[in-house]
Amino acid sequence: MKKLFIISGANGHLEKNIIRILLKQDVLIRRFILSLDQVQTMQNIEYIHSDICDSQSLNQLFDNCEQYKTYVIHTARIIQITNKKNPYLYDVNHNCTKNSSM
């Protein structure tokens, strides 16, 4: 059975390295991104526009998964390198991730 990897946060540094490693294998990759403007077309990669904070938009990530052995690699997050308080950081990294797992 062919493997499908669904990857959230697919435009970040960590995600790009994961994808680079997966492309060396015979697998399909479904990248979960915020904007389709950010895509770089590659073979064996499908791009899905979705938002980690919108649980309804996440459903399309799992369309037609029955024919694959499916893995989810969740790395979507907001990072911050300053001490400035950012409520969006907590909302995305905690609340939206928590909601998406339900």
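Laboratory data are not the source of any read-out in this text; all were calculated from the coordinates shown. Keep in mind that this is a model prediction, so the values were computed, not measured. With ideal geometry, Cβ positions are generated from the backbone for all residues, glycine too; neighbour counts draw on all protein chains shown.
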Subset of region 44-99, residues of a type in the set (Gly, Ala, Ser) and without any contact (Cβ under 8 Å) to a residue 60 or more places away in the chain, comes to Ser50, Ser55, Ser57
Is it the case, given these coordinates, that His74 is surrounded by 13 or more Cβ atoms within 10 Å (Cβ to Cβ), closer than 19 Å to Val27 by Cβ, within 12 Å of the chain's Cα centre (by Cα) and not hydroxyl-bearing (Ser, Thr, Tyr)? yes
Filter region 51-71 down to the residues that are surrounded by 14 or more Cβ atoms within 10 Å (Cβ to Cβ), farther than 17 Å from His94 by Cα and not hydrophobic (A, V, I, L, M, F, W, C) and list them by number. Ser57, Tyr68, Thr70
Condition met for Tyr71 (under 17 Å from Lys2 (Cβ atoms) and of a type in the set (Ser, Thr, Tyr)): yes
Scope region 14-27; condition more than 20 Å from Asp51 (Cβ to Cβ) and out of contact with any strand residue (DSSP E or B) (no Cβ under 7 Å at 6 or more places or on another chain); matching residues: Asn17, Arg20, Ile21, Leu23, Lys24, Gln25, Asp26
